[in-house]
Amino acid sequence: MVDEKHAEMSKIYEDSFKDVKEGDIVKGKVIGITAKDIVVDIGYKSEGVISLEEFAPNTIKVGDVIDVLIEAKENDEGMVVLSKRKAERMQVWEKIIAERKEGDMVTGRVTKKVKGGLTVDIGVEAFLPASQVFLKGFGNLNQLLGQVVNFVIVKINKPRKNIVVSRKDAIIRERDVAKGKMMEELKPGQLIPGLVKNITDFGAFINIAPGVDGLLHITDMSWGRISHPSEMLAVGDKIEVMLLSVDKTTGKLSLGLKQKTPNPWEQVVTKYPVGSRVKGKVVNLVPYGAFVELEKGIEGLVHISEFSWTKRIGHPSEVLAIGDMIEAVVLNIDKDSQKIALGIKQTEMNPWTEVANKYPVGTQVKGKVRSFIDYGAFIELEEGIDGLLHNTDISWTRKINHPSEVLKKGQRIDAVVMSVDADNRKLSLGMKQLVPDPWPEFVTKFQPDTVTGGTITKITNFGLFVELAPDLEGLAHISELPAEMTGKLEEAYKVGDKINVKVLRVDDTERRIALSLKV
């Protein structure tokens, strides 16, 4: 009778447990604790056992109800093999599957290094590929062991209960969030600490937060002149900059360094009034002048024309060198364009103010032929004081096309001062005025129909020029030459030949004499 009852009870247990399979999670009640195992009643015909190693000391007692996973329905001793640890992992997996999806951010601890990457405990074991650990390249994986950091779930494989995570994606996302938050908080005028990340010809890129860089343009580095950003900054420098503008659409930041200090140009008109004498350092030389630093951020230009009243300067380097300290006079200020015009010669007396007194009109002077132009020659009376001798003032009677016909460079000559314009630094000279005008005498001597001898000075295709007296020439037009000679001038005549000519007419206004060889 007892055996029948026992068999009946066993069937009831089997029927109640027949739908439970290995891998299922069920509830059980702790009914015993041995030296190696925990004995659990799960409502089956036989109890189940769990290795004591799955429990921390003093964390379980008889009577506790726990969730367990059925690993095997019977072992060699007829006991059901259970696992609390696997049950917990299964529950966490199911919770993660229910609550998380690919693309979600999770927190986990890096537990160990495995082939191809790292394992991460996010409640269940996940795989972190080595390619997804760092933003760039492959670093030292060991440095992450034991760290608790954020990850992004990039792949969930439910059948294989496998999760792949990425630290790189998490860093990018965190950086973008931080950048977005910072962009909202940034206001123009703020002073921000930063690190010089890169230097270019036009400026420097300053890192002010992870993933947040701003441009410090070369024009916003200093109120003064700099040729290249490397003159002020180096990669790795820690600096404080002012935020000038924020473009929240593009994420671009414009930064300034000089704006941290007052603009020295605001007081320039008061500090350096026009006409005042100033001292400064030559900081740059260009073909058209020299830039002079009056103070940090304030420079003026001495144009090459303002170097000297008298010296002819081809390039500023002839008289100045970078680093020279000089004195100058402020000529003009353009505050809006931040320009100051300076003059060096204005620190000395203008010698042209004395020219009118020293060389009054009518004064006979001596000078040296310095240079030629088409219509005359410049005669140097003293250093920096030149007078212009016009071609028409070289001779009373001779027609001069270029001054080199009668003058040579370096030749010393006598002349007369014709006019003086000290304001425009002009002085005109004359040579012919040193002697009486011989033309009236020539007109009397060479009346029309007069036959006289002369010397050929020039042969042209339209006739012969004949010297009748010193500095007096007449033209025998080709029409006034013998007919048989008109096509053979070069053969029939030579420069220097003595010939007889007849005066046809005298033009008193143009001072010209027409001749004929048809004597």
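The values are calculated or read from the model by the stated rules, or taken from the named source; none is laboratory data. In this text the structure is predicted, and so the values were computed from the model without any measurement. Note that each Cβ is placed from the backbone with ideal geometry, even for glycine, and that neighbours are counted across all protein chains shown.
Structure notes:
Results for (1) within 30 Å of LYS368 (Cα to Cα); (2) of a type outside the set (A, V, I, L, M, F, W, C); (3) part of a loop (DSSP other than H, G, I, E, B), shown as yes or no for each residue.
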| residue | (1), (2), (3) |
| --- | --- |
| TRP396 | yes, no, yes |
| LEU407 | yes, no, yes |
| ASP423 | yes, yes, yes |
| GLN433 | yes, yes, no |
| PHE442 | no, no, no |
| THR455 | no, yes, no |
| LYS458 | yes, yes, no |
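- Residue pairs meeting the criteria (Cβ under 7 Å; at least 6 apart or on separate chains; first in the same structural domain as VAL26 (by TED's automatic domain parsing), in the range 68-85; second crowded, with 18+ Cβ neighbours inside 10 Å and of a type in the set (Lys, Arg)): VAL68/LYS84
- Yes/no for LYS248 being of a type in the set (D, E, K, R), farther than 30 Å from ASN332 by Cα and in contact with a strand residue (DSSP E or B) (Cβ under 9 Å, 6 or more places away or on another chain): no
- Within the range 55-87, the set of residues being surrounded by 18 or more Cβ atoms within 10 Å (Cβ to Cβ) and in a helix (DSSP H, G or I) comprises LYS84, ALA87.
- Members of the range 421-477 that are surrounded by 12 or more Cβ atoms within 10 Å (Cβ to Cβ), modelled with pLDDT under 85 and within 60 Å of the chain's Cα centre (by Cα): ALA422, ARG425
- The number of residues in the range 270-299 that are under 30 Å from ILE313 (Cα atoms), touching a strand residue (DSSP E or B) at 6+ places or on another chain (Cβ under 9 Å) and not in a strand (DSSP E or B) comes to 6.
- Some residue of the range 209-227 being loosely packed, with under 15 Cβ neighbours inside 10 Å and either acidic (Asp, Glu) or at pLDDT 90 or above (or both): no
- Residue ID - modelled with the highest pLDDT, chosen from residues in the range 150-178 that are part of a strand (DSSP E or B) and exposed (fewer than 15 other Cβ atoms within 10 Å of the Cβ): LYS155
- Looking only at residues of the range 178-203 that are among the hydrophobic types (A, V, I, L, M, F, W, C) and under 17 Å from VAL246 (Cα atoms), we find that the one that is farthest from the chain's Cα centre (by Cα) is ALA178.
Conditions (1) more than 47 Å from the chain's Cα centre (by Cα); (2) basic (Lys, Arg), marked per residue:
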{"position": "VAL355", "(1), (2)": "yes, no"}
{"position": "LYS358", "(1), (2)": "yes, yes"}
{"position": "THR363", "(1), (2)": "yes, no"}
{"position": "SER371", "(1), (2)": "no, no"}
{"position": "ILE385", "(1), (2)": "no, no"}
{"position": "ASP393", "(1), (2)": "yes, no"}
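- So ASN401, is it in contact with a Gly (Cβ under 7 Å, 6 or more places away or on another chain), without any contact (Cβ under 8 Å) to a residue 60 or more places away in the chain and either closer than 17 Å to GLU473 by Cβ or in the same structural domain as GLU510 (by TED's automatic domain parsing) (or both): no
- Unmet requirement for SER254, which otherwise passes all of (1) farther than 22 Å from GLU184 by Cα; (2) small (Gly, Ala, Ser); (3) under 18 Å from the mean Cα position of the chain (by Cα): (1)
- Within the range 10-54, the residues that satisfy the criterion of being in a helix (DSSP H, G or I) and modelled with pLDDT of 80 or more are LEU52, GLU53, GLU54.
- The residues of the range 281-335 that are surrounded by 15 or more Cβ atoms within 10 Å (Cβ to Cβ), under 28 Å from the mean Cα position of the chain (by Cα) and without any contact (Cβ under 8 Å) to a residue 24 or more places away in the chain amount to a single one, ILE304.
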